Amino acid sequence: MSQYFHIHPDNPQPRLVNQAVDYLNKGSVIVYPTDSGYALGCRLEEKNAMERICRIRQLDGNHNFTLMCRDLSELSTYAQVDNSAFRLLKNNTPGNYTFILKATKEVPRRLMNDKRKTIGLRVPSNPVALALLERLNEPMMSTSLMLSGNDFTESDPEEIQYSIGKLVDLIIDGGTLGQQPTTVIDLTSDAPVVVREGVGDTSPFQ
């Protein structure tokens, strides 16, 4: 079974955050809390960990993986963004959104949508997620933890341990969360497109 850490949802314990990042640095797959339910995460260059995540989620090449970033400072390395898109990003991060952007050549091909060469980008406001990203000092490859057949994100870490505890290396318990996924906004064309309506308010993009 996976390791199981209780990390305080508002004041994450640095010792446990450091240990969780040690798992990531060893190529592990972790479950961690976000603004919109739990997510699966691993380091960008860990191909084997990403393949494990694909098996857990039963994903194909059309899926937009998400770069979970602590802020927008890493944006230009991984995504192509014009001025109007950047303003929308700046005004709505951190928050409950995943933005689909055109990927740069810095993004490993396996992380892109096969057909469109796009990548998802997200800046969370969850204190545990932000503490992990700050300590990791780079974006994390991530995808919402939505099990096969479900259209909601997993919200209860104890249930997650029961269902996929043997498939991941670490589960971070940051409390019971909401089940609604992020709102997905496509910023790859002239006008923003709401791809999925979730917990984030869509009015800034109408």
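Suppose we flag trypsin sites (Lys or Arg not before Pro) only when DSSP calls them loop and at most 16 other Cβ atoms lie within 10 Å. Which is the longest uninterrupted stretch of the chain? Result, exposed sites excluded: 27-104.
The alpha carbon convex hull volume per residue for region 102-146 rounds to 98 Å³. Classify region 26-138 as rounded, prolate or oblate, taking a ≥ b ≥ c as the square roots of the eigenvalues of its Cα gyration tensor: rounded when a/c is under 1.5, otherwise prolate if a/b is larger than b/c and oblate if not. Taking the square roots of the gyration eigenvalues as a ≥ b ≥ c, region 26-138 is oblate.
In this simple spin-label model, placing a label point 7 Å from the Cα along the Cα-to-Cβ direction at both R196 and Q13 gives a separation of 3.3 nm.
Across the chain, C-alpha contacts under 8 Å between residues 6 or more apart give a mean separation that, scaled by the residue count, equals a relative contact order of 33 percent. Straightening the chain between E106 and L167 buys 19.1 nm, computed as 0.36 nm per residue apart minus the Cα-Cα spacing. Accessible surface of region 15-142, 1.4 Å probe: 42 percent of it comes from carbon and sulfur atoms. Among the listed pairs K90/K166; K105/K166; K26/K166, those whose Cα-Cα separation exceeds 29 Å are K90/K166; K105/K166. Against the empirical curve 2.2 N^0.38 Å, the C-alpha radius of gyration of region 127-205 lands at a ratio of 1.31. Here the chain was treated as a single set of alpha-carbon atoms; its pair distances binned every 5 Å from 0 give 1, 8, 17, 21, 22, 17, 10, 4, 1, 0 percent.
Accessible surface area normalised per residue over the chain is 47 Å², counting heavy atoms of protein chains with a 1.4 Å rolling probe.
Dividing the Cα radius of gyration of region 61-103 by 2.2 N^0.38 Å, with N the residue count, gives 1.13. Using a simple spin-label model with pseudo-atoms 7 Å out from Cα toward Cβ, E138 and T176 lie 3.7 nm apart.
The values are calculated or read from the model by the stated rules, or taken from the named source; none is laboratory data. All values derive from a computational prediction rather than experimental measurement. Here Cβ is always computed from backbone atoms with ideal geometry, including for glycine, and neighbour counts include all displayed protein chains. Surface accessibility is based on the protein's heavy atoms, side chains included, excluding ligands, DNA and RNA. Shrake-Rupley method; radii C 1.70, N 1.55, O 1.52, S 1.80 Å.
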